[in-house]
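**Q** This structure is in structure tokens; I'll ask about it shortly.
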Amino acid sequence: MPVFHTKTIESILEPVAQQVSRLVILHEEAEDGNAMPDLEKPVFGVSRAVQNLVKVGRETIQSSDDAILRQDMPAALQRVEQAARHLEEASGMLKADPFSQPARKKLIEGSRGILQGTSSLLLCFDESEVRKIISECKRVLDYLAVAEVVDSLEDLVRFVKDLSPCLSKVSREVDGRQKELTHQVHRDILIRCLEEVKTLTPILICSMKIYIQIHAQGGKGGEEAGMNRDYLAQRMTDELNEIIRVLQLTTYDEDEWD
Amino acid sequence: EMILEAAKSIAAATSALVKAASAAQRELV
């Protein structure tokens, strides 16, 4: 079962996660341990990378108009900074005593903290990217909501002109997102829903045209045509709502996996 | 994008640190 829900996050963190796990096991198996080498240089490397991440993170916070990102990201940055301090302390303690057990514990704690903090930060960023896709999906939902008040061919042309670029964007972004996910079930749902939306779009437009024509001629069947149009708009709405729901999933349902 | 690059750098630096710290322990196990 994948631990990280996107391929990008997985490719960045999975190798480090495995190495940290191995370090913990080695530490537990060799309880007394050999003398630790001088870790000043690699710890300095981490501290410098953390400083850069904090700088980039703060710039991201300041330039973002996503209130949730602005609220959540500082905590993740603090976590990474704190973990880097633990590593620096561990390095200092090991320099004084290469066999120090508290220093080794601090080293493991710091490494885990870096991993967890970076993971939180990437998750914050990823969720913000997902919210951008969701806001595009909601724009399409807003258009679908007005399908029932379109009662002239002129309005229908306008409707199609407005809806098409939005739908193309949603299609492109949701398709890109599904390719990014590590969870196959979520990928499959997004692919299926997107295909449904694509299939239903021309059918909905056709049903709207039929309704407008019947309405204009004052003929029979107007009510049925309206109901058919509403049914199709509702089906598209349901599919888009399912896309929105699945886009927000980051944890794995064990039963679903079984 | 810059966040991802910065996170990659942290991962690489942490990886180097953990490898260095593991090396001494591995000799014992």
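**Q** How about A:Lys55: which lysines have a C-alpha closer than 19 Å to its C-alpha, ignoring those fewer than 8 places off in the same chain?
**A** Once the sequence-local lysines are set aside, what remains near A:Lys55 is B:Lys8.
**Q** Pull out the extension gain between A:Gln71 and A:Ala96, defined as 0.36 nm times the separation in residues minus the alpha carbon to alpha carbon distance; nm, one decimal.
**A** Difference between extended and current length: 5.0 nm.
**Q** How much length is gained if the chain between A:Lys169 and A:Gln217 is pulled fully straight, taking 0.36 nm per residue apart and subtracting their Cα-Cα distance, in nm to one decimal?
**A** 13.7 nm
**Q** Please state the relative contact order of region A:20-152 as a whole percent: Cα pairs under 8 Å, 6+ residues apart?
**A** 28 percent
**Q** Mark the label point 7 Å from the Cα of A:Asp142 along Cα→Cβ and return the residues of region A:158-199 whose backbone N is within less than 15 Å of it.
**A** Under cut-off, by backbone N: A:159, A:162-167, A:170.
**Q** Related question: Quick one: what are the phi-derived ³J(HN,Hα) couplings along region A:115-130, Karplus 6.51/-1.76/1.60 with θ = phi - 60°, whole Hz, x for glycine and proline?
**A** Running phi through 6.51 cos²θ - 1.76 cosθ + 1.60 with θ = phi - 60° gives 4, 5, x, 5, 4, 4, 5, 5, 5, 4, 5, 5, 4, 5, 4, 5 Hz.
**Q** Sticking with this one: Using each residue's phi in region A:58-64, evaluate 6.51 cos²θ - 1.76 cosθ + 1.60 at θ = phi - 60° and report the 3J(HN,Hα) Karplus result to the nearest Hz, with x for Gly and Pro.
**A** Along region A:58-64, the couplings run 5, 5, 5, 4, 5, 8, 7 Hz.
**Q** Can you tell me the order of A:225-233, B:4-12 when each peptide is scored by its average per-residue count of other Cβ atoms within 10 angstrom, highest first? Display every interim value, and only then the final one.
**A** Numbers: A:225-233: 17.7, B:4-12: 19.7.
Result, highest mean first: B:4-12, A:225-233.
**Q** Next up: If you count, for every residue in A:8-17, the Cβ atoms of partner chains within 10 Å of its Cβ, what is the mean?
**A** The mean count of partner-chain Cβ atoms within 10 Å per residue comes to 4.
**Q** OK, next. Using Cα pairs closer than 8 Å and at least 6 residues apart in sequence, work out the relative contact order for region A:76-139, in percent.
**A** With pairs under 8 Å counted, the relative contact order is 41 percent.
**Q** Using a Förster distance of 45 Å, how high is the FRET efficiency between A:Glu29 and A:Arg85, based on the Cβ-Cβ distance and rounded to 0.05?
**A** In this case the efficiency is close to 0.95.
**Q** Also, quick follow-up: Residues with beta-carbon under 14 Å from that of A:Arg229, excluding A:Arg229: net charge, scoring Lys, Arg +1 and Asp, Glu -1?
**A** Values: positive: A:Lys209, A:Arg235; negative: A:Glu148, A:Asp151, A:Asp155, A:Glu223, A:Glu224, A:Asp230.
Every neighbour counted, the sum reads -4.
**Q** Can I ask one more? Dipole of region A:100-167 (Lys/Arg Cβ +1, Asp/Glu Cβ -1, origin at the Cα centre): which of A:Val140, A:Gly113, A:Leu167 lies farthest to the positive side?
**A** Working it through, the farthest residue towards the positive pole turns out to be A:Gly113.
**Q** From the backbone phi of region A:211-219, what are the Karplus-calculated ³J(HN,Hα) couplings (6.51 cos²θ - 1.76 cosθ + 1.60, θ = phi - 60°) in whole Hz, Gly and Pro given as x?
**A** Listing the rounded values in order: 4, 4, 5, 5, 4, 5, 7, x, x Hz.
**Q** In nm, what is the difference between 0.36 nm times the number of residues separating A:Lys105 and A:Lys161 and their Cα-Cα distance?
**A** Extending this stretch completely gives an extra 14.0 nm.
**Q** Can you pull out the trypsin sites (Lys or Arg not before Pro) in region A:1-90 whose DSSP state is coil and whose Cβ has at most 15 other Cβ atoms within 10 Å?
**A** Qualifying residues, ordered by number: none.
**Q** Could you grab the relative contact order for chain A? Cα pairs under 8 Å, six or more apart, rounded to a whole percent.
**A** Averaging sequence separation for qualifying contacts and normalising by length gives 20 percent for chain A.
**Q** Taking N as the number of residues in the protein assembly as shown, what is its Cα Rg relative to 2.2 N^0.38 Å?
**A** 1.41
**Q** Would you tell me the mean number of C-beta atoms belonging to other protein chains that fall within 10 Å of each C-beta in A:42-53, as a whole number?
**A** That works out to 6 on average.
**Q** Calculate the FRET efficiency for A:Arg48 and B:Glu1 from the Cβ-Cβ distance with a Förster distance of 25 Å, rounded to the nearest 0.05.
**A** Numbers: r = 20 Å, r/R0 = 0.80.
It comes to 0.80.
**Q** Given labels modelled 7 Å from the Cα in the Cβ direction, how far is it in nm from A:Asn241 to A:Arg192?
**A** Distance between the two pseudo-spin positions: 1.7 nm.
**Q** Amide H neighbours of A:Thr6 under 5 Å, counting only residues 5+ apart in sequence or on other chains, H built in-plane at 1.01 Å?
**A** For A:Thr6, the qualifying residues are A:Thr182.
**Q** Could you name the lysines whose alpha carbon sits less than 21 Å from that of A:Lys106, not counting residues in the same chain fewer than 8 places away?
**A** Counting by Cα, and skipping residues close in sequence, A:Lys106 has these lysines nearby: A:Lys41, A:Lys95, B:Lys19.
**Q** R0 = 35 Å: FRET efficiency of A:Ser152 with A:Arg131, Cβ-based, nearest 0.05?
**A** Result of the calculation: an efficiency of 0.50.
FYI, it's all coordinate maths here, none of it is from the lab. The model shown is predicted, which means the values in this text are computed figures rather than measured ones. Quick reminder, even Gly has a Cβ in these numbers, built from the backbone with ideal geometry, and neighbours come from all protein chains shown.
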